[in-house]
Amino acid sequence: MGQEIQKALDEAWLKGRSVLIEGKVADYIPELAKADSSNLGCCIMKTDGTMYKIGDYNIPFTMQSIAKTFALILALQTAGYDKVFSKVGMEPTGDRFDSILQLELKDWRPFNPMINAGAIVTTDCIDAEQPFDAFLNLVRKLCGDQSIFLNEAVYQSEKRTGTRNRSIAYLLKSDHVLDKEPEEVLDVYFRMCSVMATAKQLAHFAMILSNKGIDPKTEERLLDADIVRIVIALMMLCGMYDESGEYAVKVGLPSKSGVGGGIVAVGPDGTGIGTFGPMLNKKGNSVGGEKMLQYLSDRLKLHIFA
Ligand code: GLN
């Protein structure tokens, strides 16, 4: 079985490599334009402690929108379900991740926590003395690695140039959706997006989600089962932005991507997958990562609707 998985992973990586040329690295955050376009890696982790890896599975990159899953978890943990979902919805948008199109139509209540407007709201909801420290602790715990750190250069780069997110935050504030000051919320949001992770660390996070929030090594419950259910459901519906539907058909795994090139994918039965490849398609999703996940889903029969 183990050999089968490694073989599938090796093949998936070759498939992923063959499509890299179709992508482009994100450059709207200037620092991200420095990414190495040839990077591609994947890691699969299981609850029995086995791990399969290929390529650049251990190279750190900024989480970007993958941070939205942790922000949602932290908001739910500290502010609770009712407060969070009074301010943000649970529906996919079909629009770009940074769209403002539908905000006004819904009384400025963003459609879901996986788009920028929604994540700015969940960030505002985090009820902690030091929201970013609480976020970093959570990421370290769920990714199983205490060494996870903030990329200061990417944080400064986005803080300096993030006019669109700044506009979204001020619009939300003008309609009383944000409790805190926009700049305070944005500062936490930009920092969260700039936390570094590897495909291996993301695979650990996905493995914990797939295992319903329990760390199989220590048997400690790291997350409430209810929170896991909410996060996984929203990843499935909204995690790949306006490509979530097509991705659900082709890959069929609750996933979240980020413009840093990462994808975290929750497999069945305690299987966690992390991928990294900074070449992105037009929707902002990793072309190599998606290709590898589609291949793995098919070969290893992971698709939840198949
Ligand atoms: N930090 C990025 C932004 O807010 C995250 C977007 C993404 O990964 N899609 O624009």
Cα shape, the range 1-87, gyration tensor, a/c 1.5 rule: oblate
10 Å binning of all Cα-Cα separations within the range 236-286, expressed as whole percents from 0 upward: 29, 58, 13, 0
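Determine by what factor the alpha-carbon radius of gyration of the range 24-72 differs from 2.2 N^0.38 Å, reporting the quotient. Present the calculation step by step, with values, prior to reporting the outcome.
On the way: Rg = 13.8 Å, N = 49, 2.2 N^0.38 = 9.7 Å.
Rounded to two decimals, the normalised Rg is 1.43.
Under 8 Å for C-alpha pairs, at least 6 residues apart: give me the relative contact order for the range 248-306, rounded to a whole percent.
34 percent
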Span-rule helices in the chain, defined as complete DSSP H runs reaching 15 Å or more along the axis (Cα) with Kyte mean at least 0.0: 67-79, 131-143, 182-193, 199-210, 225-238
Which of Trp13, Ser194, Met279, positive extreme of dipole for the chain (C-beta unit charges): Trp13
Kirkwood-type radius of the range 77-179, with distances r between different C-alpha atoms, in Å: 14.9 Å
Most mobile listed residue (Lys173, Lys212, Lys87) in the chain, GNM with C-alpha springs under 10 Å: Lys173
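Please state the equivalent ellipsoid semi-axes for the range 123-216: what are the square roots of 5 times the Cα gyration tensor eigenvalues, largest first, in whole Å?
Over the Cα atoms of the range 123-216, the ellipsoid semi-axes are 27, 16, 11 Å.
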3J(HN,Hα) from dihedral phi, the range 104-110, Karplus parametrisation 6.51/-1.76/1.60, rounded to Hz, x for glycine, proline: 5, 5, 10, 6, 6, 9, x
Listed residue pairs exceeding 28 Å between alpha carbons, taken from Lys83/Lys173; Lys34/Lys83; Lys200/Lys283; Lys83/Lys282: Lys34/Lys83; Lys83/Lys282
Rel. contact order, % - alpha carbon contacts under 8 angstrom, at least six apart, the range 136-217: 42 percent
Zero-based 10 Å bins, Cα pair distances in the range 1-147, whole percents: 9, 28, 31, 25, 6, 0
Gyration tensor (alpha-carbon) shape descriptor, the range 197-295, a/c threshold 1.5: prolate
Residue of Leu280, Leu101, Leu296 that the Gaussian network model of the chain assigns the largest fluctuation, springs spanning Cα pairs under 10 Å: Leu101
R0 of 25 Å, Cβ-Cβ distance Lys106-Ile304: FRET efficiency to nearest 0.05: 0.30
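Assigning unit charges at the beta carbon (Lys, Arg +1; Asp, Glu -1) and nothing else, what dipole magnitude in debye, to the nearest 20, does the chain show about its Cα centre? Intermediate values should be presented prior to the final figure.
Working: 34 positive and 39 negative charges, 134 e Å.
Computed charge dipole of the chain: roughly 640 debye.
Contour minus end-to-end for Ser147 and Met90, with contour as 0.36 nm per residue of separation and end-to-end as the Cα-Cα distance? Write out the running numbers ahead of the final one.
Working: separation 57, 0.36 × 57 = 20.52 nm, distance 3.27 nm.
Stretched out fully, the Ser147 to Met90 stretch lengthens by 17.2 nm.
With 18 Å as the cut-off, how large is the P(r) tail for the range 37-122, expressed as percent of Cα-Cα pairs? Don't skip to the answer; put the middle values down first.
Numbers: 2038 of 3655 pairs.
Tail fraction, whole percent: 56.
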Top positive-direction residue, dipole computed over the range 60-206 with Cβ charges, set Ala119, Asn151, Ala79: Asn151
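Determine Rg/Rh for the chain; Rg is computed over alpha-carbon atoms and Rh is the Kirkwood hydrodynamic estimate from the same atoms.
Working: Rg = 17.7 Å, Rh = 18.8 Å.
Across the chain, the Cα-based Rg/Rh ratio is 0.94.
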Mean shadow area of the range 128-182, taken as a quarter of the surface of its Cα convex hull (nm²): 4.9 nm²
Solvent-free Debye scattering, log10 I(q)/I(0), computed from the Cα coordinates of the range 164-222 at q = 0.12, 0.14, 0.20 Å⁻¹: -0.52, -0.63, -0.76
Candidates Thr69, Thr123, Thr93, ranked by Gaussian network fluctuation over the chain, Cα under 10 Å, top entry: Thr93
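Quick note: the coordinates plus some simple rules give every number you see, no bench work behind them. Everything numeric in this text was worked out from a predicted model, so none of it was measured. Here the Cβ is made from the backbone with ideal geometry for all residues, glycine too, and neighbour counts use every protein chain on show.
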